[in-house]
Amino acid sequence: MSSGKYIDKLKGSRILIFGATSGIGFGILEASVEYGATVIISGSNESKLSRAIEKLKASHPKLSNGKIKSQVCDLSHTDTLEANLTSLLAFATNNGVDKLNHIAFTAGDALPLKPLTEITPDYIQQAGVVRFITPLMLAKLVPTYMVQSPDSSITITSGVIGAKPAPGWTITAAYSSAQEGLARGLAVDLAPVRVNCVSPGSVKTELLAGAADEVLEYMRLATLTQRLGRPEDLAEVYLYAMKDGFVTGSTLHSNGGRLLV
């Protein structure tokens with residue numbers, strides 16, 4: 001890749017990606033290494049992390065081992081969450097020596113949807129552990145492990161469902177909206193480090209692999225582009241959030257025009 005003021009913006013950066021084993025997170029991983037960054041990926045499953053690295057190396061055979069590292073980090077239990085995040089951040093930075101420039105948070109769990117008549121306080125809380133509580137606890141810890149500069153960034157993830165809820169998705173919609181407010185609040189509290197939120201529409205990832213054809217067709221037709229998003233489309237939004245040193249406290253939308261349909 002040729003060098004230049006814009007091409008090299010991420011070259012030599014140290015980036016931590018949550019949820020990089022598939023989908024949008026893997027797209028961010030691919031794009032980051034192609035732009036010359038050193039990347040640390042985290043997930044809940046060691047075998048998935050290994051497969052993601054193998055897949056990356058298969059498509060990037062010249063990638064050196066030092067450019068990609070991984071560590072398991074369980075985000076699903078509040079009683080161990082802070083300790084697990086601290087361990088991951090220490091690993092990602094060689095105990096704080098090599099500080100992070102960027103964090104992309106795309107992790108999420110697939111809780112079964114429940115109608116309002118069946119929800120409980122425990123269900124509501126569990127639905128927010130990975131999506132909301134984790135990025136908030138991460139923000140508590142990162143000042144020790146990140147370069148304190150407007151060139152550094154944290155990007156979290158919401159979803160178009162927050163702006164355009166579907167029947168039965170109230171809790172997910174609520175947390176999606178909360179993540180956008182979280183990004184604004186953290187942008188103030190963590191300045192000069194920039195904090196933004198990406199709101200994806202329907203993206204063709206492994207999460208949709210089991211969806212019925214009629215569901216996928218409905219999602220496709222509910223866009224102006226008449227196609228589902230691709231991980232490589234969304235990866236560009238996260239890279240933009242990393243590279244634009246003047247964007248913070250913003251929600252960045254990539255949804256094929258879903259809000260206009």
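Label-to-label distance for D213 and L136 is 4.4 nm, based on points extended 7 Å past Cα in the beta-carbon direction. Comparing G128, G245, G168 in a Gaussian network model of the chain where C-alpha atoms under 10 Å apart are linked, the largest mean-square fluctuation is found at G168.
Using the Kyte-Doolittle scale, find the helices of the chain whose mean hydropathy is at least 0.0 and whose Cα atoms extend 27 Å or more along the helix's long axis, counting only whole DSSP H runs. Taking the DSSP H segments of the chain (at least 27 Å long, mean hydropathy at least 0.0), we get 170-189.
List M146, M242 from most exposed to least, where exposure is judged by having the fewest other Cβ atoms within 10 Å.
M146, M242
Relative contact order for region 1-87: 25 percent, from Cα pairs under 8 Å spaced at least 6 residues apart, divided by residue count. Using the Cβ of L136 as centre and a radius below 15 Å, the other residues enclosed give a net charge of 0, where K and R count +1 and D and E count -1. Distance between Cα centroids, region 166-230 to region 121-136: provide it in whole Å. So the separation of the two Cα centres works out to 16 Å. Over all Cα atoms in the chain, the spread is summed up by Rg and Dmax: 17.8, 58 Å. For region 107-251, what class follows from the C-alpha gyration tensor (a ≥ b ≥ c being the square roots of its eigenvalues): rounded when a/c is under 1.5, otherwise prolate if a/b is larger than b/c, else oblate? Oblate shape, in that a/c is at least 1.5 and b/c is the bigger or equal ratio. Look at the alpha carbon pairs under 8 Å that are at least 6 residues apart: their mean separation over the length of region 55-180 gives a relative contact order of 27 percent. So what's the net charge close to E82: Lys and Arg +1, Asp and Glu -1, counting the other residues with Cβ under 14 Å from its Cβ? Taking every Cβ under 14 Å from that of E82, the sum is -1. Computed over the chain, relative contact order equals 20 percent, with contacts defined as Cα pairs under 8 Å that lie 6+ residues apart. In a fully extended conformation the segment linking Q226 and R51 would gain 59.8 nm over its present Cα-Cα distance, using 0.36 nm per residue. Pairs of lysine residues in region 1-104 that meet both criteria, 8 or more places apart or on different chains and Cα atoms under 14 Å apart, total 5. Using the Karplus relation 6.51 cos²θ - 1.76 cosθ + 1.60 with θ = phi - 60°, the per-residue 3J(HN,Hα) values for region 100-105 come to 6, 9, 8, 10, 10, 10 Hz, with x marking Gly and Pro. The listed peptides 113-121, 203-211, 136-144, ordered by packing as a protection proxy, come out as 136-144, 203-211, 113-121 (highest mean of other Cβ atoms within 10 Å first).
Amide hydrogen proximity for V193: with H placed 1.01 Å from N in the peptide plane, the residues at 5 or more positions away or on another chain lying under 5 Å are S149.
Quick note: the coordinates plus some simple rules give every number you see, no bench work behind them. Please read all numbers here as calculations on a predicted model, not as lab measurements. When we count neighbours, we look across all protein chains shown, and the Cβ atoms used for this are built from the backbone with ideal geometry, even at glycine.
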